[in-house]
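The values are calculated or read from the model by the stated rules, or taken from the named source; none is laboratory data. These numbers were taken from a predicted model, which means no experiment stands behind them. Virtual Cβ from ideal backbone geometry, glycine too; neighbours counted across all protein chains shown.
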Amino acid sequence: MIQILNEDGKIVNEDAMPDLSDDDLVELMRRMVYTRVLDQRSIALNRQGRLGFYAPTAGQEASQLGSQFALEQDDFILPGYRDVPQLIWQGLPLYQAFLFSRGHYHGNQMPEDVQALSPQIIIGAQITQAAGVALGMKNRGKKNVAITYTGDGGASQGDFYEGVNFAGAYQAPAIFIVQNNRFAISVPVEKQSAAKTIAQKSVAMGIPGFLVDGMDVLAVYKVVQEARERAVNGDGPTLIETLTYRYGPHTMAGDDPTRYRTEDMDSEWEKKDPIVRFRKFLEEKGLWSEEKENEVMETAKEEIKAAIKKADKQEKQSVTELISIMHEELPANLKEQMEEFKEKESK
């Protein structure tokens, strides 16, 4: 497993340290703290009935944000449903992220400068899509990558093998990240595969594979940065497994993690918290303080409050409006439905 910072925030692999400025390091920490607050507020909003579908992210900030920090603006992100933070830091306005959770179509309309698809709900479907996006980039001579995320459960899907194998066969500039948070909803990773790691599955597909400490933001950044360099230089895709942990439930739709996780396991992983370990590292360098962290938290709360208010003001979508933007030319069945709902909405 590749690791740069241990649980105490000490460098254990000096040679692997990425070339990041002090400002970069502070910005990474700011984003992780902000995202932790966003997760806490999103859970509260969900419980209040003000958000719809939500998958908690606490514990996975290093995996999510360390990888996104290694990207360029024109790289293409194909996220899973837990990967909204990467979209936000790539440029998706926060209020649109809230609208996505509510099922509003505007939450799926990416700004022109954000190269991404909406979070995929179907487990693993984004992996085959990423292979196709990456091949398209290669064929057009673009020096960018397609990056996609799934969990350990996604690595048990047929789409995982098809997508990664296809990208390898065509040397497409793709990065496949499996965020191994130990449980596919409730099934432990040990029961999903006889393989000791997910990263080793890359061997059968003939591409590089890396096992990374997913609670170590510097290690994640470094491995993704190098994978991106290989991809844009024509050396094909990379499979990266980040060992991480989600502190909350699988989603807020009724999952109870106490039925399949022990208190001892939770306590063990809380000691590896990505924010705590990075905080220790930055404080030792004189780059972070409790005052600075509190400022970030307060800013996050204010911006979240403003974003949810803006989402509340978004005009509610109608069925006819949704149908009208589904196709350039509506097929016969949707034309019938359009007329049916026009009549209902006019009453």
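If only residues of the range 131-174 that are in contact with a Gly (Cβ under 9 Å, 6 or more places away or on another chain) and more than 29 Å from VAL187 (Cβ to Cβ) are counted, the one that is surrounded by the most Cβ atoms within 10 Å (Cβ to Cβ) is PRO173. Scan the range 164-183 for residues that are without any contact (Cβ under 8 Å) to a residue 60 or more places away in the chain and of a type in the set (A, V, I, L, M) and the total you get is 1. Looking across the range 232-278, the residues that are of a type in the set (D, E, K, R), in contact with a Phe, Trp or Tyr (Cβ under 8 Å, 6 or more places away or on another chain) and part of a helix (DSSP H, G or I) come down to ASP266, GLU270. Report, ordered by the first and then the second residue, all pairs with beta carbons closer than 7 Å, sequence separation of six or more or different chains, a first member in the range 94-114 that is farther than 19 Å from LEU78 by Cβ and in contact (Cβ under 8 Å) with a residue 40 or more places away in the chain, and a second member that is assigned to a helix (DSSP H, G or I) and not aliphatic (A, V, I, L, M). From the range 94-114, the pairs are LEU94/GLU303; TYR95/LYS310; LEU99/HIS106; LEU99/GLY107; HIS106/GLN96.
Tell me, please, whether a residue that is acidic (Asp, Glu), more than 16 Å from the chain's Cα centre (by Cα) and assigned by TED's automatic domain parsing to the domain that holds ALA204 can be found in the range 137-154.
Pass one, the range 137-154, residues acidic (Asp, Glu): 152.
With more than 16 Å from the chain's Cα centre (by Cα) added as a condition, the list becomes none.
Checked against the condition, which is being acidic (Asp, Glu), more than 16 Å from the chain's Cα centre (by Cα) and assigned by TED's automatic domain parsing to the domain that holds ALA204, the range 137-154 yields no hits at all.
The number of residues in the range 1-38 being among the hydrophobic types (A, V, I, L, M, F, W, C) and either modelled with pLDDT under 95 or within 30 Å of GLU303 (Cα to Cα) (or both) comes to 9. Somewhere in the range 95-113, is a residue within 20 Å of ASN165 (Cα to Cα) and over 14 Å from the mean Cα position of the chain (by Cα)? The answer is no, given that none of the residues of the range 95-113 is within 20 Å of ASN165 (Cα to Cα) and over 14 Å from the mean Cα position of the chain (by Cα).
Residues in the range 182-200 include at least one that is among the aliphatic types (A, V, I, L, M) and within 23 Å of VAL133 (Cβ to Cβ). Residues in the range 282-315 that are more than 30 Å from LEU20 (Cα to Cα) and part of a helix (DSSP H, G or I): 9 in all.
Pairing residues of the range 66-90 that are touching a residue at least 24 places away in the same chain (Cβ under 8 Å) and on the phi < 0 side of the Ramachandran plot with residues that are part of a helix (DSSP H, G or I) and hydroxyl-bearing (Ser, Thr, Tyr), at Cβ distances under 7 Å and at least 6 apart in sequence or on separate chains, gives GLY66/TYR221; PHE69/TYR221; ALA70/TYR221; PRO85/THR35. GLU229 meets the conditions (1) under 30 Å from PHE160 (Cα atoms); (2) not in a helix (DSSP H, G or I) in every case but one. The failed one is (2).
Criterion applied to ALA307, ALA253 was being out of contact with any Lys or Arg (no Cβ under 7 Å at 6 or more places or on another chain) and either buried (at least 18 other Cβ atoms within 10 Å of the Cβ) or within 25 Å of GLN200 (Cβ to Cβ) (or both), and the one residue passing it is ALA307. Residues satisfying the criterion are present in the range 210-220 (criterion: outside any loop (DSSP other than H, G, I, E, B), of a type in the set (Phe, Trp, Tyr) and at pLDDT 95 or above). Regarding the range 182-195, can at least one residue be identified that is surrounded by 23 or more Cβ atoms within 10 Å (Cβ to Cβ), assigned by TED's automatic domain parsing to the domain that holds MET215 and outside any helix (DSSP H, G or I)? No, the range 182-195 contains no residue that is surrounded by 23 or more Cβ atoms within 10 Å (Cβ to Cβ), assigned by TED's automatic domain parsing to the domain that holds MET215 and outside any helix (DSSP H, G or I).
Here are some residues: ARG47, ARG36, ARG30. Which one is touching a residue at least 24 places away in the same chain (Cβ under 8 Å) and more than 20 Å from PRO249 (Cα to Cα)?
Just one listed residue meets the conditions, ARG30.
Is it true that VAL133 is free of Cβ contacts under 8 Å to residues at least 60 places away in the same chain, aliphatic (A, V, I, L, M) and under 26 Å from TYR161 (Cβ atoms)? Against the criterion (free of Cβ contacts under 8 Å to residues at least 60 places away in the same chain, aliphatic (A, V, I, L, M) and under 26 Å from TYR161 (Cβ atoms)), VAL133 qualifies.
Annotation: LEU211 fulfils all but one of (1) more than 16 Å from the chain's Cα centre (by Cα); (2) surrounded by 24 or more Cβ atoms within 10 Å (Cβ to Cβ); the unmet one is (2).
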